[in-house]
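The values are calculated or read from the model by the stated rules, or taken from the named source; none is laboratory data. This structure is a prediction, so every number in the text was calculated from the model and none was measured. In this analysis, Cβ positions are derived from the backbone assuming ideal geometry, glycine residues included, and neighbour counts consider all displayed protein chains. Surface accessibility is based on the protein's heavy atoms, side chains included, excluding ligands, DNA and RNA. Shrake-Rupley method; radii C 1.70, N 1.55, O 1.52, S 1.80 Å.
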Amino acid sequence: MRVAGLLSALTLVACGGVSGNDEKHPSSGGTSGSGGGGPGQDPASVCGASKVGAPRLRRLSRDELTNTLADVFPEVKGAWSASFSADAISTHGFDNDSTLLVVGKQLADELDRAGDTVGVAVSGAPLATLLPCSASTKDAACAQQFIDKYAKRLFRRALTAEENARYVALFTQVLAAKDFATAIRYVTRALVQSPQAVYRREVGTLSGGTYKLTPAELATELAYDFTGTAPTDELLAKAEAGQLSTPQALEGQARDLLLTDNGLRVVEKFFDSWLGYGRTSSMSKPGVVGFDGLRDQMVGEARYFLGQVVVTNNGGLNELLTASFTTPTPALSTFYGFPAPISDYAVTARPAGRGIGILAQGALLAALAGPNASSPTKRGVLVMERLLCREKPAVPPGVPVLSPPEPGVFTTRQHIEMIHAKDPICKSCHSRFDPIGFGLEHYDEAGRYRDLDGGLPVDSKSFVPTQDGAGQMFEFANLEELAQGLAAQKLPYECTTGYLSTYVNGAPEGCLGETKRPDFVAQKLSFLDYLASLAAEQHFSQRRLP
């Protein structure tokens, strides 16, 4: 029997090629990785007018693959399992960069296993419910109903006649050699591995001087960009009926999708990828009693805080940086020394002098610290990269690990300044970001406020350096003034919109989201407003000639 050969022909995931090497995996650091965002791809670059990007095939990310299979086959939820390797992380911190997402040998094997486990699930006991005709007429006509339903869900469009014939031929061949259920299993396995399922097609059809995306491509783009999973039958039908043919309709649909449960998860994933506070869940702070039992609550606090600012309050970057509240649990409030909230993750005013905004979130501060000490360097680098869009200089080889300060002799800040004063090469780099991190030194390695570091008074007075590290953008005395100073600058808004556009469009291609960018910079537009506006850009529905 030649089922294996035919199956291979149907499932070669060759859009962009199958590499002979395993896929690259991100490091635990999260914000560094291979590829993505080379010269000229600075997210803060302002172009004035939006451009139309190149056509591309976007391989589904690990999360998108998992979500898609769950949503395409809801009838067998929990009856199958799939394990896809982590995706490469771009220099911008995202795992959905289409220039990095390829199908290597490892992922090809994982797709094969996932397709088979789903095939086993659908061809077992649930088959009679999934495909009622299978109880009496186990033939190609019955199988056609299965192919029509699930191929369209997986491919996000109806099959062509040629594609349909190939899957029917596979079914017929297996049926002759085995049985109906096994034939359905092999068809499912082939469909799941198809490049039509694994890749998002954003190519369109040639119309004049550009390629215009088809209705199915638009529905697919909306679904994955704003919900992280496959389009529903209703969204595909709306696109096919021409109800998504204008920028206004696309923007309105995008906003509706963002406010769904799946959409809110996409929004939360952006913030976690951008800022990295979720890493706290896997950290340990040996010298901090109770931290291990609270670290997940700290991440939850950050998520609820973001939900309040971004979704409930429909806020923008100014609100994110300067909000005077947080959302702790009672246990966290005790840990921080705050008044107790009325319930878990309830909005609670911060005590005066105990920080404001996202930079004061315990999960963020703990993620940007060592196991036993704060880290002005990590904290300063985050602000420099994620809010000012400045590239961190490459670390020269042979740099030793910084020893911890001796308690009662030097504070963390004094220790760092003393070491860098002796080494002009280190100082030339660290002068670009350490001064920013010094503003967060009132917070220890677990994100708790402190007046003393190792028994010595904390000094958080500092400044935000200019890009070359030689001058000053503004001075500040503490975290509050740092956050307020950043919120008063134009650059953080330009930088943030660049990251948002890069995330939604899945590629480090600049100038794709300029239309509403000035409104976000002028604080007239919220995060959700700007995200939704990207669906109204020319690039969302068109592609330029390659």
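Neighbours of F171 by Cβ distance under 12 Å: Lys/Arg scored +1, Asp/Glu scored -1, total +3.
Principal axis extents of the Cα atoms in the chain, from largest to smallest and rounded to whole angstrom, are 82, 52, 51. Put D344, D116 in order of accessible area, highest first, and with a 1.4 Å probe you get D344, D116. Placing unit charges on the Cβ atoms only, positive for Lys and Arg and negative for Asp and Glu, gives the range 383-510 a dipole magnitude near 200 debye about its Cα centre. Treating r as the C-beta distance of M418 and D42 and R0 as 60 Å, the FRET efficiency rounds to 0.95.
Each of A241 and S83 was given a label point 7 Å from its Cα along the Cα-to-Cβ line. The distance between the two points is 4.4 nm.
On a per residue basis, the range 144-244 carries 38 Å² of accessible surface, using protein heavy atoms and a 1.4 Å probe.
Annotation for the range 468-529: chymotrypsin sites (Phe, Trp or Tyr not before Pro) lying in DSSP loop with at most 15 further Cβ atoms inside 10 Å of their Cβ do not exist.
Do the alpha carbons of any pairs in K378/K490; K51/K516; K392/K427 sit beyond 18 Å of each other, and which pairs? The answer is K378/K490. Once you treat every alpha carbon in the range 200-270 as an equal point and sum by Debye, what is log10 I(q)/I(0) at q = 0.12, 0.20, 0.22 Å⁻¹? Treating every Cα as an identical point scatterer, log10 I(q)/I(0) equals -0.31, -0.80, -0.94. Using the 1.4 Å probe convention, the accessible area of the range 400-546 works out to 42 Å² per residue with neighbouring protein chains retained.
Each Lys and Arg contributes +1 and each Asp and Glu -1, all at the Cβ; summed about the Cα centre of the chain, the dipole is approximately 880 debye. The Rg/Rh ratio for the range 168-311, using Cα coordinates for both the radius of gyration and the Kirkwood hydrodynamic radius, is 1.15.
Label positions at D256 and S431, each projected 7 Å from the Cα along the C-beta direction, are separated by 5.6 nm.
For S374, the residues 5 or more places off, or on other chains, whose built amide H falls under 5 Å of its own are E445.
Over the chain, what percent of the accessible surface lies on carbon and sulfur atoms, probe 1.4 Å? Carbon and sulfur together cover 54 percent of it. When restricted to Cα atoms, the range 488-546 yields an Rg and a Dmax of 11.4, 40 Å, respectively. For the pair the range 496-546 / the range 367-422, the C-alpha centres are spaced 34 Å from each other. The eigenvalues of the Cα gyration tensor, multiplied by 5 and square-rooted, give the range 295-408 an equivalent ellipsoid with semi-axes of 29, 19, 11 Å from largest to smallest. Net charge near E385, counting Lys/Arg +1 and Asp/Glu -1 over other residues with Cβ under 9 Å of its Cβ? Result for the local shell: +2. Between the residues L320, L368, G353, the greatest Cα displacement towards the positive end of the dipole of the range 282-371, with unit charges on the Cβ of Lys, Arg, Asp and Glu, is found for G353. Each of L218, P492, P330 was placed along the dipole of the chain (beta-carbon charges, centred on the mean Cα), and the one lying farthest toward the positive end is L218.
Computed over the chain, the per-residue total of -39500 (n - 2.57) for DSSP H runs of n ≥ 4 gives a 222 nm mean residue ellipticity of -13000 deg cm²/dmol, rounded to 500. With all protein chains kept in place, the per residue accessible area of the range 281-358 amounts to 42 square angstrom at a probe of 1.4 angstrom.
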